[in-house]
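The values are calculated or read from the model by the stated rules, or taken from the named source; none is laboratory data. Given the structure is predicted, the values throughout are model-derived calculations rather than measurements. We place every Cβ from the backbone using ideal geometry, glycine too, and count neighbours over all the protein chains shown.
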Amino acid sequence: MYIFGHRFIKSDSFYHIACIEAIKNTPSSSVLYLEFSEDNLDIIDFINENQISLALGVSNITEIIYASSLGASYILVPSELALSAQSIANNYLFDAKILVRIEEESEIEELALLGVDGVVFANAVVKINS
């Protein structure tokens, strides 16, 4: 299980961007994070054209499918979608890892038992301004 942002487990951060210009303010080889939105398709295209790792936040099953098709390396889902998202990812052999946003360590056990690929604490997502 991947664990991002835990206080005693070293991990990469996700750099939350809102525009293409903000990418220049991120470290090289970083994972860029966006919330899925049709308005962000130009940013997603730019990220893919430049072979940058992408994490997409989604809110429903359809967006999970879109995220995989758009080349996301990580798909961040709310906990209520965890089981469905992981089942879909396993069934369709997604390259992307399913990650669940969590706030408490106690959530790790439940998500591990569901077979979810990983978890993300809030401090693993760094907001980048342009």
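Inspect region 70-83 for any residue being surrounded by fewer than 20 Cβ atoms within 10 Å (Cβ to Cβ), hydroxyl-bearing (Ser, Thr, Tyr) and over 15 Å from Phe36 (Cβ atoms) and give the result as yes or no. Yes, region 70-83 contains a residue that is surrounded by fewer than 20 Cβ atoms within 10 Å (Cβ to Cβ), hydroxyl-bearing (Ser, Thr, Tyr) and over 15 Å from Phe36 (Cβ atoms).
On the stretch given as region 1-40, residues that are among the aromatic types (Phe, Trp, Tyr) and in contact with an Asp or Glu (Cβ under 9 Å, 6 or more places away or on another chain) total 3.
The listed residues are Asp39, Asp117, and the only one of them that is modelled with pLDDT of 95 or more and closer than 19 Å to Tyr2 by Cβ turns out to be Asp117. In the condition set (1) farther than 22 Å from Ile128 by Cα; (2) in contact (Cβ under 8 Å) with a residue 40 or more places away in the chain; (3) in contact with a Ser or Thr (Cβ under 6 Å, 6 or more places away or on another chain), Ala112 is compliant with all but (3).
The residues of region 84-121 that are part of a helix (DSSP H, G or I) and closer than 28 Å to Ile47 by Cα, listed by number, are Ser84, Ala85, Gln86, Ser87, Ile88, Ala89, Asn90, Asn91. Looking at region 78-91, can you tell me whether even one residue there is touching a Ser or Thr at 6+ places or on another chain (Cβ under 8 Å) and either among the small types (Gly, Ala, Ser) or closer than 17 Å to Val126 by Cα (or both)? Taking every residue of region 78-91 in turn, at least one turns out to be touching a Ser or Thr at 6+ places or on another chain (Cβ under 8 Å) and either among the small types (Gly, Ala, Ser) or closer than 17 Å to Val126 by Cα (or both). Set side by side, the residues Ile43, Ile65, Ile52 differ, and just one is over 17 Å from His16 (Cα atoms), surrounded by 14 or more Cβ atoms within 10 Å (Cβ to Cβ) and either out of contact with any Ser or Thr (no Cβ under 7 Å at 6 or more places or on another chain) or β-branched (Val, Ile, Thr) (or both), which is Ile65.
Of the residues making up region 22-45, those that are within 17 Å of the chain's Cα centre (by Cα), of a type in the set (A, V, I, L, M, F, W, C) and part of a helix (DSSP H, G or I) number 4. For the criterion of being touching a residue at least 24 places away in the same chain (Cβ under 8 Å), buried (at least 19 other Cβ atoms within 10 Å of the Cβ) and not basic (Lys, Arg), Ile17 passes.
For region 14-21, indicate whether the set of residues that are outside any loop (DSSP other than H, G, I, E, B), in contact with a strand residue (DSSP E or B) (Cβ under 6 Å, 6 or more places away or on another chain) and charged (D, E, K, R) is non-empty. Checked region 14-21: no residue is outside any loop (DSSP other than H, G, I, E, B), in contact with a strand residue (DSSP E or B) (Cβ under 6 Å, 6 or more places away or on another chain) and charged (D, E, K, R). Scanning region 52-81 for residues that are assigned to a helix (DSSP H, G or I) and either closer than 28 Å to Ser29 by Cβ or in contact with a Lys or Arg (Cβ under 8 Å, 6 or more places away or on another chain) (or both) yields Glu63, Ile64, Ile65, Tyr66, Ala67, Ser68, Ser69, Ser79.
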